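Nothing in this text is a laboratory measurement; each read-out follows from the coordinates by a stated rule. Just so it is clear, the structure is predicted and the values come from calculations on it, not from any experiment. Cβ: placed from backbone, ideal geometry, glycine included. Neighbour counts: every protein chain shown.
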Amino acid sequence: MTFAAAFETKSALIPLLAAPDDRSFVIGQLGQSLDGRIANSRGESLGINGPAALTHLHALRAHVDAVVVGAGTIAADNPRLTVRHIEGRHPARVVIDPKGRINDGHWLDDDGTPRLIITSSDHSIAGVQRIKLPAVDGMIDPHLICAALFERGYKKLLIEGGARTISHFLDHHCLTRLHILFAPLIIGNGIQGVTLSNQLPLNLAMRPKVTTYHLGDGDILFDCDLSHEVRHDQHK
Ligand SMILES: NC(=O)c1ccc[n+]([C@@H]2O[C@H](COP(=O)([O-])OP(=O)(O)OC[C@H]3O[C@@H](n4cnc5c(N)ncnc54)[C@H](OP(=O)(O)O)[C@@H]3O)[C@@H](O)[C@H]2O)c1
């Protein structure tokens, strides 16, 4: 990574590092192509962004208390969710698995890091803390997820994907910040990034305050400040 790119990455982390400890800070990240795809139609997402963006993702992981992904990402990518590209400690690993369909994967590796499952089922995995929350039409309110993690001491959260998980958090005004890493790539089909349920006129669409950072390899980080959108009354 060039000196300039390293400086840009560090600058983009300032709001996360400066966040007060008595509130939750929930940051989403998505790496996507110019045409808004986070994976191709085979579900492959590795390689959309370059190495500098991957370093940025690992820096985010190193500075949060817990990293959260949906069951779809575990099934598609089998990610480790650890910090490897920079020096830093691993965050707790949290998987949202309402039906209890996930039984294995690297995220379960016993490296001393807490592993938690958010579920509506009675499914349990040895060594993994289960947080059982109610679902409505199969979906668990993200505010309940944030509150349950907050009361267990996980206050800074990275919602790492995939599309359905991030979109649901955004739809419920649960994200303080969203990092979208645009790669100079046109995939043409595949999994769309953010999709929201509302059909608002353009003048009522979310308009976050945005700062851009050039990470190298042509990747541009859009750091979206959504703090004015967060419904803090619903979780701490
Ligand atoms: N480019 C990137 O930055 C990036 C990052 C991560 C993943 N990805 C890609 O994204 C794809 C997976 O994304 P995806 O949208 O298909 O899946 P996903 O968001 O990883 O997982 C969605 C599933 O997680 C569960 N879930 C998540 N939030 C929930 C909630 N609030 N309440 C209840 N259940 C919830 C549900 O499980 P059930 O289906 O069991 O109901 C849901 O269908 C993969 O291809 C992966 O490679 C890309």
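Considering only the chain, what is the antiparallel percent among its DSSP beta bridges, to the nearest 5? If I count the DSSP bridges inside the chain, around 35 percent turn out antiparallel. Based on C-alpha pairs under 8 angstrom that are at least 6 apart in sequence, the chain has a relative contact order of 30 percent. Restricting things to Cα coordinates, could you compute the convex hull volume per residue of the chain in Å³? In the chain, the Cα hull volume divided by residue count equals 127 Å³.
For segment 1-78, state the semi-axes of the equivalent ellipsoid (square roots of 5 times the eigenvalues of the alpha-carbon gyration tensor), sorted largest first and rounded to whole angstrom.
Working: eigenvalues 115, 68, 20 Å².
Values for segment 1-78, descending: 24, 18, 10 Å.
Taking Ile96, Ile220, Ile14 as the candidate residues, the one with maximal mean-square fluctuation in a Gaussian network model of the chain, Cα springs under 10 Å, is Ile14.
The slack between Asn40 and His173, meaning 0.36 nm per residue of separation minus the straight C-alpha distance, is 45.2 nm.
Within the shell defined by Cβ-Cβ distances under 15 Å, the residues around Lys209 carry a net charge of -1, with Lys and Arg each +1 and Asp and Glu each -1.
Hey, with R₀ at 41 Å, roughly what FRET efficiency would Ser124 and Asp217 work out to, going by the Cβ-Cβ distance, to 0.05? Show your work: numbers first, answer last.
Working: r = 42 Å, r/R0 = 1.02.
My answer for the efficiency is 0.50.
Using a simple spin-label model with pseudo-atoms 7 Å out from Cα toward Cβ, Arg23 and Gln199 lie 3.4 nm apart.
Using every pair of distinct Cα positions in segment 27-160, the Kirkwood expression returns a hydrodynamic radius of 15.5 angstrom.
Give me the distance between the Cα centres of segment 1-72 and segment 138-165, rounded to whole Å. So the two Cα centres are separated by 16 Å. Most mobile of Gln129, Gln192, Gln29 per a Gaussian network model of the chain (Cα springs, under 10 Å)? Maximum among the listed residues: Gln129.
Between the beta carbons of Met206 and Asp109, assuming R0 = 41 Å, the FRET efficiency works out to 0.65 to the nearest 0.05.
Taken over the C-alpha atoms, segment 94-157 has Rg and Dmax values of 11.6, 35 angstrom. In terms of overall dimensions, segment 132-218 has a Cα radius of gyration and Dmax of 15.4, 43 angstrom.
Count Lys and Arg as plus one, Asp and Glu as minus one, and take only other residues whose Cβ is under 14 Å from that of Glu160; the net charge is then +4.
How charged is the neighbourhood of Ile187? Take every other residue with its Cβ under 10 Å from the Cβ of Ile187, and add Lys/Arg as +1 and Asp/Glu as -1. Charge balance in the 10 Å sphere: -1.
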